[in-house]
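First the structure, in the form of structure tokens, and then the observations on it.
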Amino acid sequence: MSAQLVGISLSPARGEAYYIPVGHVGWEQVEQLPIQQVIDRLKSPLADANLAKLAHNGKFDMMVLAECGITVNNLTFDTMVAAHLLGEKSLGLKSLAFSKLNIEMTPISELIGSGAKQISMSQVEVSKVADYACADADITGQLAELLSAELHQQGLWQLFSEVEMPLVPVLLLMERNGIALDTELLRKMSHQLGEQLIKLESEIFSYAGHQFNINSPQQLGSVLFDELKLPPGRKGKSKYSTEASVLEELRGVHPIIELILEYRQLTKLKSTYIDALPSLINPKTGRVHTSFNQTRTATGRLSSSEPNLQNIPIRGELGRQIRRAFIAPHGSCLLAGDYSQIDLRALAHLSQDPGLLSAFQQDEDIHAATAAQLSGVDTSKVTPDMRRLAKTVNFGVIYGMSEYGLEQATELSREEAAQFIAAYFEKYPKVKQYLESTKEQARETGYVQTMLGRRRFIPEINSSNRQVREAAERMAINMPVQGTSADIIKVAMINLCREMAKRQLKSKMLLQVHDELVFEIPEGELETMRQLVPEVMSTALKLSVPLKVDTKMGNNWGEME
DNA sequence: GCAGTCACG
DNA sequence: ACGTACGTGACTGCG
């Protein structure tokens, strides 16, 4: 949102392209058209919904153009999105041109340099940029032809044209909407945390007998395991691990451990969120604008970056407090709709296991139902501990958990963990069958897929290295489940956006956090949106089990009910 | 630029 | 005997 437009390249046909310079600076540049004249002339064809557009990473171009007052309608083909769907790992235009078309394009560094000497594209002379930018536009067109054929061949066209491409303008809108922050609250928290950290630090130093950098795992390891002679968790060959799970085991052995765990937690939250977020507020809008990345994950999920708004803390009092800094402006409030157990519902649908299906069809508490099944008691007799254990197992299953994994995650012994897993598969036999057939499909075809046919290629599935192979099997098990959930929420986002536009609602979709959508709602639309959001989310796709959606609302993201 | 760590679903 | 749950992104230290 803060990029400056330097020029626009367009290619109307193969081998033909034009460059319109508008933002080049410097003494020897050629004369450029006034930017407003260019905008006025391009505005209508770019907005014309009857004219198809193709681009590489079109969301970026659309963002820059939108900041100039230009709306782009009917982006029908994005070569970056297409390449990602086809399982390409290297998604840059230059690299795709080479791997798919055998064309070696000029690297951008040839124009702007690299490292400290790097200059802005605006400082490069027009004639050089014209050649470079025209090649970009032309090659994008050629790539689109090729990738389009591949998408059709692989059976991915429908997913591409009906889900991934329509999602692009939705994500653009969300990014441009941004979210408001209570900077005053964050400032107070930063101050208070700073004082608390100074105290913690001096206590840690007094136990250590000297000052050191607590943030350096190397220095911390040597203080704990060399100087204080605490037993190192048998991790490293040469180095010590100081990660939280190792330190947890040492709680009670030495008072310094607790202080370090607390210090770690507080510094993490302070540096990553409390201090960083206010600096990312866009001065023009007064809000933070994340990027939602559509081509970063192996499962079909989105990711969020700069800042990542999909990992804002929620656990613990301090985490809650940070969420309270995400606010709705006066006269509006935040509404969140979240899918209840979407991954397990996806598993029920994919496996068609009768036990799982019926539990969801009866709208049972799935973890309690699993606990009841495993112990043979009635659901009403399930204790919180039993439910917690069943929850761990339920999640473990969709991650391809081992006995060892369950042992680590619980209080169970290895034998008990093994018994538990065996009992689980006895109660849910089609889950076991499904997991086996998924691995089998991966071995036979080299890929696994989601409900909508999204694929993940897993070449390591036939590796002779057991560790590599087993890691591949876990990916194979998890992707269809996680990816089906991603399919569902993407369709919901598109449908909601359409419905909101159709009804000319002023409410804004702000965030997606994998199973949750967050909206900013003006007071007058509360009733409408509170009904519309769960309705559209729960009917996004038809599964063998109902999709349950809970909604919450509040003035900030931390206190919603 | 990598490794270690840790925040989220 | 070994090493172990899936998927992300940001910050810090360090070479």
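Pairs exceeding a 19 Å alpha-carbon distance, out of A:K391/A:K427; A:K268/A:K508; A:K199/A:K268; A:K43/A:K508: A:K268/A:K508; A:K43/A:K508.
Positive end of the dipole of chain A (Cβ unit charges, origin at the Cα centre): among A:G316, A:V468, A:H514, the Cα lying farthest that way belongs to A:V468. Dividing the convex hull volume of the alpha carbon atoms of the range A:395-476 by its residue count gives 99 Å³ per residue. Legend: residue pairs A:K100/A:K439; A:K89/A:K548; A:K430/A:K548; A:K59/A:K548, Cα-Cα distance threshold 25 Å; pairs beyond threshold, A:K100/A:K439; A:K89/A:K548; A:K59/A:K548.
What length, rounded to one decimal in nm, is gained on full extension from A:N282 through to A:R14, with 0.36 nm per residue of separation minus their alpha-carbon distance? Write down the numbers at each step before the final one.
Numbers: separation 268, 0.36 × 268 = 96.48 nm, distance 3.90 nm.
Difference between extended and current length: 92.6 nm.
Each Lys and Arg adds +1 at its Cβ and each Asp and Glu adds -1 at its Cβ; summed about the Cα centre, chain A shows a dipole of about 240 debye.
Modelled label positions at A:S190 and A:D40, each set 7 Å beyond Cα in the direction of Cβ, lie 4.4 nm from each other. Near the amide H of A:Y447, within less than 5 Å, lie the amide hydrogens of A:I458, all on another chain or at least 5 residues away, with H placed in the peptide plane.
Which shape class applies to chain A: rounded if a/c is under 1.5, otherwise prolate when a/b exceeds b/c and oblate if not, where a ≥ b ≥ c are the square roots of the Cα gyration tensor eigenvalues? Because a/c hits 1.5 or more and a/b exceeds b/c, chain A counts as prolate. The range A:534-557 and the range A:86-121 have Cα centres separated by 41 Å.
Dipole magnitude of the range A:190-262 about its Cα centre, charges +1 at Lys/Arg Cβ and -1 at Asp/Glu Cβ only, in debye to the nearest 20? Please report the intermediate quantities before stating the final value.
Numbers: 7 positive and 10 negative charges, 80 e Å.
In total the dipole reaches around 380 debye.
Using the Cβ-Cβ distance between A:H152 and A:E416 with R0 set to 41 Å, the FRET efficiency works out to roughly 0.20. Does the range A:375-530 come out rounded, prolate or oblate, given a ≥ b ≥ c as the square roots of the eigenvalues of its C-alpha gyration tensor, rounded meaning a/c under 1.5 and, failing that, prolate meaning a/b above b/c? The shape class here is oblate. If you take the square roots of the eigenvalues of the alpha-carbon gyration tensor of the range A:471-561 and sort them as a ≥ b ≥ c, do you get rounded (a/c under 1.5), prolate (a/b over b/c) or oblate? The shape class here is prolate.
Give, rounded to the nearest 20 debye, the magnitude of the charge dipole that the range A:1-118 has about its Cα centre when Lys and Arg contribute +1 at Cβ and Asp and Glu contribute -1 at Cβ. Display every interim value, and only then the final one.
On the way: 9 positive and 11 negative charges, 60 e Å.
Charge dipole, the range A:1-118, about its Cα centre: 280 debye, nearest 20.
At full extension, A:T539 and A:K552 could sit 2.8 nm farther apart than now, given 0.36 nm per residue minus the alpha carbon distance.
Applying D = kT/(6 pi eta Rh) to the range A:291-392, where Rh is the Kirkwood radius over alpha-carbon pairs, T corresponds to 20 °C and eta to 1.002 mPa s, the Stokes-Einstein value obtained is 125 µm²/s. Specify which residue in the list A:L5, A:I35, A:N57 is farthest towards the positive end of the charge dipole of the range A:1-65, using unit charges on the beta carbon of Lys, Arg (+1) and Asp, Glu (-1), about the Cα centre. Positive-end residue among those listed: A:N57.
Values quoted throughout were computed directly from the atomic coordinates according to the rules given, and no laboratory measurement underlies them. Remember, predicted model here, so these are calculated numbers, not experimental data. Here the Cβ is made from the backbone with ideal geometry for all residues, glycine too, and neighbour counts use every protein chain on show.
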